[in-house]
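Bear in mind these aren't lab numbers, they're just calculated from the coordinates by the rules spelled out. Just so it is clear, the model here is predicted, and its values are computed rather than measured. Note that we place each Cβ from the backbone using ideal geometry, even for glycine, and neighbour counts take in every protein chain shown.
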Amino acid sequence: MWGTSPNFADNIGFKFLNTGPARVTGIDFSVSAVGEIAKDLSITMLAGYTYSHPITLKPDLVYAYSNAQGNNAYTYRSSSTDQSGVLKYRIEHLGKADIELNYKALMIGFSARYYSQMRNIDVFFIQLDQPGLLNTGITEYREAHTEGMYVFDARVGVKIYKALGATFIMSNLFNKEYSLRPLNLEAPRLSTLQLSYKL
């Protein structure tokens, strides 16, 4: 609650704030390969990994006050679910891989993604997850999903005639229930038929 209005409803809301100086270190790399396995059969592979370590440099810095609650001071420590120094809403490990086989007019592809758990979020999500308040279930979800998540996609394509092609894509192949941001479930399994024409 940020406002000072005597009307309680006017003081409720969310806003983004910088929590002070921070440092982000990490690595990012990717490899790719293209080759011919046999006559008319080729393969394309891509893999990548990103690691980032975003940390606060001043965890006790007061970056905001809640006027509606008697000028309560907010710091990294007082507003975070994780006290290790990692910034909120950051995914530290991200991996991806893709493989595609092409045989004459046919194509088949498979991809995988890995997201590590978001270690730190605003503590109010947990505080409000109570019967009679928001009761969102976020506490239970985070306790049950501590090892990160894998998501898989698949696709099959065919060249129909000269420049005309069709591809059937299935995203989230195993219909994984997962969330990359608090209280926001990602899309379930999605099937798409894509037609393409090259001029």
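Quick check on my filter: what residues within the stretch 99-119 are assigned to a loop (DSSP other than H, G, I, E, B), polar (S, T, N, Q) and either in contact with a helix residue (DSSP H, G or I) (Cβ under 9 Å, 6 or more places away or on another chain) or over 30 Å from Pro59 (Cβ atoms) (or both)? The answer is Gln117, and nothing else.
With respect to Asp82, determine if the residue is acidic (Asp, Glu) and part of a strand (DSSP E or B). Spelling it out, it is not the case that Asp82 is acidic (Asp, Glu) and part of a strand (DSSP E or B).
Specify the residue that is farthest from Phe125 (Cα to Cα); the eligible residues are those in the stretch 73-108 that are touching a Lys or Arg at 6+ places or on another chain (Cβ under 9 Å) and aromatic (Phe, Trp, Tyr). Among those that are touching a Lys or Arg at 6+ places or on another chain (Cβ under 9 Å) and aromatic (Phe, Trp, Tyr), it is Tyr76. Would it be correct to say that Lys96 is closer than 30 Å to Leu195 by Cβ, charged (D, E, K, R) and in a loop (DSSP other than H, G, I, E, B)? In short, no. A search for C-beta distances below 8 Å between a residue of the stretch 185-199 that is free of Cβ contacts under 8 Å to residues at least 12 places away in the same chain and surrounded by 11 or more Cβ atoms within 10 Å (Cβ to Cβ) and any residue that is not in a strand (DSSP E or B) and not acidic (Asp, Glu), counting only pairs 6+ apart in sequence or on different chains, returns Leu185/Tyr178.
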